[in-house]
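A quick write-up on the structure given underneath.
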Amino acid sequence: KAGVTQTPRYLIKTRGQQVTLSCSPISGHRSVSWYQQTPGQGLQFLFEYFSETQRNKGNFPGRFSGRQFSNSRSEMNVSTLELGDSALYLCASSAGQAQNIQYFGAGTRLSVL
Amino acid sequence: AQTVTQSQPEMSVQEAETVTLSCTYDTSENNYYLFWYKQPPSRQMILVIRQEAYKQQNATENRFSVNFQKAAKSFSLKISDSQLGDTAMYFCAFIYNQGGKLIFGQGTELSVKP
């Protein structure tokens, strides 16, 4: 079974631009969660999509948004990029229940200049 | 609010020895799940072990085992016979309710020395 695939692996953007990150979950998984990892704040939950609906949301500004398609693939968008958005963005997929293991992708490293 | 605390930012251990990583959490929930994830330098997050809160028996996976103390809200990870490949950042995490939102601790950076 293929694992969780995140594209692209690396991105360099400038302040004010917008960016879209993609995540393809493990086949059969209906839940995709997104996390931001920074040295200062650690791992923080952004949002979770389950069957095309946002089910959980973290404490991030509205510049961070996402969506999920009918094939469970998910995209995350960040508009009006700020320097502080530089981070490793991880997505994880699972079957969708609390007891289910979340399997992580390799991440997208975003650098905002 | 649910929180997870890892009080040891860094630890080191000699190869073949045993090391214990600490984790405490705070929640008013009764039904939840706890995880230890490992993140090596490649940054790929890998599940190490999972514990269901309703189970009293401590989870074990090969050289990895946990000491789960529900009343104390403590969830430590013991690594036996440490190997060089165990060098990584280790995160304790907690989840409840429907799922999807893992709450992570700040991590413990473990170095295994030859």
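Please verify whether B:ALA59 is surrounded by fewer than 21 Cβ atoms within 10 Å (Cβ to Cβ), more than 21 Å from A:GLY42 (Cβ to Cβ), among the aliphatic types (A, V, I, L, M) and within 14 Å of chain A (Cβ to nearest Cβ), treating the condition exactly as stated. Spelling it out, B:ALA59 is indeed surrounded by fewer than 21 Cβ atoms within 10 Å (Cβ to Cβ), more than 21 Å from A:GLY42 (Cβ to Cβ), among the aliphatic types (A, V, I, L, M) and within 14 Å of chain A (Cβ to nearest Cβ).
The residues of the range B:24-43 that are open to solvent by 80 Å² or more (accessible area, probe 1.4 Å) and either of a type in the set (D, E, K, R) or in contact with a helix residue (DSSP H, G or I) (Cβ under 7 Å, 6 or more places away or on another chain) (or both) amount to a single one, B:ARG43. Please indicate, with yes or no, whether at least one residue in the range B:44-55 is closer than 19 Å to A:TYR35 by Cα, polar (S, T, N, Q), buried (at least 20 other Cβ atoms within 10 Å of the Cβ) and within 11 Å of another protein chain (Cβ to nearest Cβ). No, that holds for no residue.
Scanning the range B:97-114 for residues that are among the small types (Gly, Ala, Ser) and facing chain A (nearest Cβ under 7 Å) turns up B:GLY99, B:GLY100, B:GLY107. When each of B:PHE75, B:PHE94 is tested for being closer than 23 Å to A:GLN41 by Cβ and away from chain A (no Cβ under 14 Å), the lone residue that passes is B:PHE75.
Just checking, how many residues over the range A:60-83 are more than 21 Å from B:MET45 (Cα to Cα), touching a residue at least 12 places away in the same chain (Cβ under 8 Å) and open to solvent by 60 Å² or more (accessible area, probe 1.4 Å)? Spell out how you get there, then give the answer.
First, pick out the residues of the range A:60-83 that are more than 21 Å from B:MET45 (Cα to Cα): A:60-71, A:77-83.
Still in the running and touching a residue at least 12 places away in the same chain (Cβ under 8 Å): A:60, A:63-70, A:77-83.
Within this subset, residues satisfying the condition of being open to solvent by 60 Å² or more (accessible area, probe 1.4 Å) are A:67, A:70, A:80, A:82-83.
Here the count works out to 5.
Among the residues of the range A:1-15, count how many are among the aliphatic types (A, V, I, L, M) and not in a strand (DSSP E or B).
Residues of the range A:1-15 that are among the aliphatic types (A, V, I, L, M), as a first pass: A:2, A:4, A:11-12.
With not in a strand (DSSP E or B) added as a condition, the list becomes A:2, A:4.
Residues meeting the conditions: 2.
Exactly one residue out of A:ALA92, A:ALA87 is at pLDDT 95 or above, open to solvent by less than 10 Å² (accessible area, probe 1.4 Å) and more than 9 Å from chain B (Cβ to nearest Cβ), and it is A:ALA87.
The values are calculated or read from the model by the stated rules, or taken from the named source; none is laboratory data. Being a predicted model, the structure only gives us computed values, none of them experimental. Heads up, the Cβs are rebuilt from the backbone with ideal geometry, glycines too, and the neighbour counts pull from every protein chain shown. To get the accessible areas, we keep the full protein, side chains included, count just its heavy atoms, and leave off ligands, DNA and RNA. Shrake-Rupley method; radii C 1.70, N 1.55, O 1.52, S 1.80 Å.
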